[in-house]
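**Q** Here's a structure for you.
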Amino acid sequence: MSPAETDRDVELVIDGITDGAEGVGRLDGMAVFVAGALPGERVTARITERRKRWARADLVAVLEPHPDRVTPPCEYLPACGGCDLQQVTPTAQRELKHRIVFEQLQRLGRIADPPVEAVLPVGPDTRYRNSARFHVDAEGRLGFHAAGTHDVVPVADCLVLSTESNQLVQQVGSAGASEVAVRHFGLAGDGRGQVVLHPGSGPLDALDGDARATHVAIAQPDGSTAPLRGDGVISVDVAGFTYDLDGSCFFQVNTGGAEALVREVLAAAGDVAGRTVWDLYAGVGLFTLPLAAAGAKVTAVEAHRPATEFARHNLTEAGLDGRVEAADVGRWLARKPAEVDRHPDRRPDVVVLDPPRRGARLPAIGDLITVRPARIVYVACDVASLARDARALTEAGYELQRAQPMDLFPHTHHIETVATFVR
């Protein structure tokens with residue numbers, strides 16, 4: 001790559017958007033990705049990276065702005081890389097997210113006219129996150145990485161983080177850790193505040209004092225947590241169910257969004273009373289409990305053992321029946337085609353699939369197809385992964401009946417989508 005190919009300014013008309021919310025323009029037939037640029041804008045951009053078929057550029061100036069472009073409300077932008085859509089109104093953000101889901105299902109999913117609903121708002125556009133993971137700079141200040149780097153931008157008050165979680169950050173500080181994860185599911189002082197410290201090179205502070213940090217734990221090399229104060233277990237109420245978990249367990253960062261997801265998943269699953277349902281990548285049982293309460297014969301599968309223990313506990317505490325298996329979903333699914341072939345009555349009627357960002361992927365999707373459930377409810381946190389898995393499902397005879405994007409992460413490009421596939 002010669003110097004002439006980079007560090008030069010070009011004028012572009014932005015006519016597309018990627019799944020990561022980068023604007024896409026064209027230069028000599030080559031796609032140019034510009035973070036912060038919006039479809040319909042004319043901009044000046046500086047080429048920073050050039051490949052054979054594409055280039056990446058920094059936004060220099062907006063010559064003709066999108067009609068819904070606004071000044072970002074956060075004082076830490078553009079240095080902080082945490083929110084990448086604050087330059088456009090929340091309503092327009094949701095319109096862009098609809099376009100992203102539709103286009104990804106068309107391009108990667110090879111679905112000609114995907115049935116994508118309007119993006120569903122689920123709550124406030126700020127102060128919606130119950131948790132965040134802060135990095136620590138050389139001066140002991142907490143913050144987030146600058147976009148595309150490991151440089152820490154100190155942040156004293158994150159606009160999308162709840163007031164209670166921000167208070168935990170202010171109270172605890174870095175505590176001598178290299179990273180600090182905070183989570184709060186209730187009101188200040190109600191015992192639902194949790195801090196997980198990731199050890200650095202020196203000793204950790206004792207953290208005596210304020211009761212808001214009721215539960216403090218130290219992250220262990222194996223991914224578990226060891227309590228430093230309290231027992232480390234906090235609870236969250238969602239859709240009439242109570243879930244206990246510790247700092248090692250995943251849970252939706254938007255509590256209102258979690259409730260909306262439960263509603264959408266139950267609606268997509270249909271009448272499950274008396275039916276066999278698999279809840280894959282089940283975590284602490286967010287969907288397992290309401291499915292069991294609806295009368296389903298549920299088997300929940302989750303690889304993270306602490307989460308499976310909490311899922312069993314949460315079922316028991318709710319007075320519900322269900323089976324929880326601690327297993328890697330891919331390896332668990334690999335055994336199922338032969339098992340269902342021998343015992344057809346074990347075939348699932350409905351499968352709820354909530355994979356991590358990478359998606360379920362082959363061979364897990366292939367084994368699921370072989371088992372032939374009548375209905376698959378796919379909860380996706382990455383639209384490109386959803387589209388790739390959707391292609392495999394539709395090529396095997398499943399139909400995408402409905403895709404419902406949900407705005408669980410306002411001001412960012414992230415989209416949660418509940419997609420319903422029927423055989």
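**Q** What residue among 46, 388, 129 shows peak mean-square fluctuation when the chain is described by a Gaussian network model with Cα springs under 10 Å?
**A** Looking only at 46, 388, 129, the biggest GNM fluctuation is shown by 46.
**Q** If each residue of separation counts as 0.36 nm, what is the full-extension length gain between residue 54 and residue 110 once their alpha-carbon separation is subtracted?
**A** Extending this stretch completely gives an extra 17.9 nm.
**Q** Between 366, 45, 10, whose Cα lies farthest towards the positive end of the dipole of the chain when Lys and Arg beta carbons carry +1 and Asp and Glu beta carbons carry -1, centred on the Cα centre?
**A** In the chain, that residue is 366.
**Q** How much area per residue is accessible in the chain when the probe is 1.4 Å and only protein heavy atoms are counted (Å²)?
**A** 44
**Q** Return the calculated 222 nm mean residue ellipticity for the chain, to the nearest 500 deg cm²/dmol, obtained by summing -39500 (n - 2.57) across DSSP H runs with n ≥ 4 and dividing by the residue count.
**A** Helices in the chain give a 222 nm mean residue ellipticity of -7000 deg cm²/dmol.
**Q** List the pair-distance distribution P(r) of the chain, using every Cα-Cα distance, as the percent of pairs falling in each 20 Å bin from 0 up to the bin containing the longest distance, rounded to whole percents.
**A** 24, 53, 22, 0
**Q** Further question on the same structure: Quote to one decimal, in nm, the extra length available between residue 325 and residue 15 on full extension: 0.36 nm per residue of separation minus the C-alpha distance between them.
**A** 106.9 nm
**Q** Cα atoms only: what Rg and Dmax, in Å, come out for segment 1-135?
**A** Rg and Dmax of segment 1-135, Cα atoms, are 16.3, 48 Å.
**Q** Follow-up. Can you give me the % of accessible surface on the chain that is carbon or sulfur? Probe 1.4 Å, all protein chains present, nothing else counted.
**A** Result for the chain: 48 percent of the exposed heavy-atom area is carbon or sulfur.
**Q** Straight-line reach from residue 336: which aspartates and glutamates have a Cα under 17 Å away, not including same-chain ones fewer than 8 places off?
**A** 279, 302, 325, 328, 345, 349, 367
**Q** If you restrict to DSSP beta bridges whose two residues both lie in the chain, what percentage is antiparallel, to the nearest 5?
**A** The answer is about 70 percent antiparallel.
**Q** Taking only Cα atoms and a 10 Å spring cutoff, compute GNM fluctuations for the chain and point out the largest among 149, 370, 89.
**A** Maximum fluctuation in the GNM of the chain, among the listed residues, is at 149.
**Q** Give the percent of DSSP beta bridges with both residues in segment 122-190 that are antiparallel, rounded to the nearest 5.
**A** Restricted to segment 122-190, the bridges split so that about 90 percent are antiparallel.
**Q** Any idea what the relative contact order of the chain is, in percent, if you count C-alpha pairs under 8 Å spaced at least 6 apart?
**A** It rounds to 13 percent for the chain.
**Q** Continuing with this model, one more query. What's the magnitude of the charge dipole for segment 114-194 around its Cα centre, counting Lys and Arg as +1 and Asp and Glu as -1 at the beta-carbon? Answer in Debye, nearest 20.
**A** Rounded to the nearest 20 debye, it is 180 debye.
**Q** Shape verdict for segment 302-423, please, from the Cα gyration tensor: rounded (a/c under 1.5), prolate (a/b greater than b/c) or oblate.
**A** Taking the square roots of the gyration eigenvalues as a ≥ b ≥ c, segment 302-423 is oblate.
**Q** Given R₀ = 45 Å, what would the calculated FRET efficiency be for residue 338 paired with residue 42, taking r from the Cβ atoms and rounding to 0.05?
**A** Efficiency, from the Cβ-Cβ distance: 0.15.
**Q** If you place +1 on the Cβ of every Lys and Arg, -1 on the Cβ of every Asp and Glu, and leave all else neutral, what size is the dipole of the chain about its Cα centre, to the nearest 20 Debye?
**A** 1300
**Q** Go through 418, 132, 230 and say which Cα lies farthest out towards the positive end of the charge dipole of the chain; charges sit on Cβ, +1 for Lys and Arg, -1 for Asp and Glu.
**A** 418
**Q** While we're looking at this one, here's another question. With the chain treated as a Gaussian network of Cα nodes joined by springs under 10 Å, which of 168, 12, 289 yields the largest mean-square fluctuation?
**A** Highest fluctuation among the options: 12.
**Q** Relative to the Cα centre, what is the charge dipole magnitude of segment 219-357, using +1 at the beta carbon of each Lys and Arg, -1 at the beta carbon of each Asp and Glu, and rounding to the nearest 20 debye?
**A** Magnitude of the dipole: close to 380 debye.
**Q** Can I ask one more? Residue 63 to residue 402: FRET efficiency via 1/(1 + (r/R0)^6), r the Cβ-Cβ distance, R0 41 Å, to the nearest 0.05?
**A** 0.55
The values are calculated or read from the model by the stated rules, or taken from the named source; none is laboratory data. Computed from a predicted model, the values in this text were never measured in an experiment. Cβ atoms come from the backbone with ideal geometry, glycine included; neighbour counts cover every protein chain shown. Note: accessible area is taken over every heavy atom of the protein model, side chains too, but ligands, DNA and RNA are not part of it. Shrake-Rupley method; radii C 1.70, N 1.55, O 1.52, S 1.80 Å.
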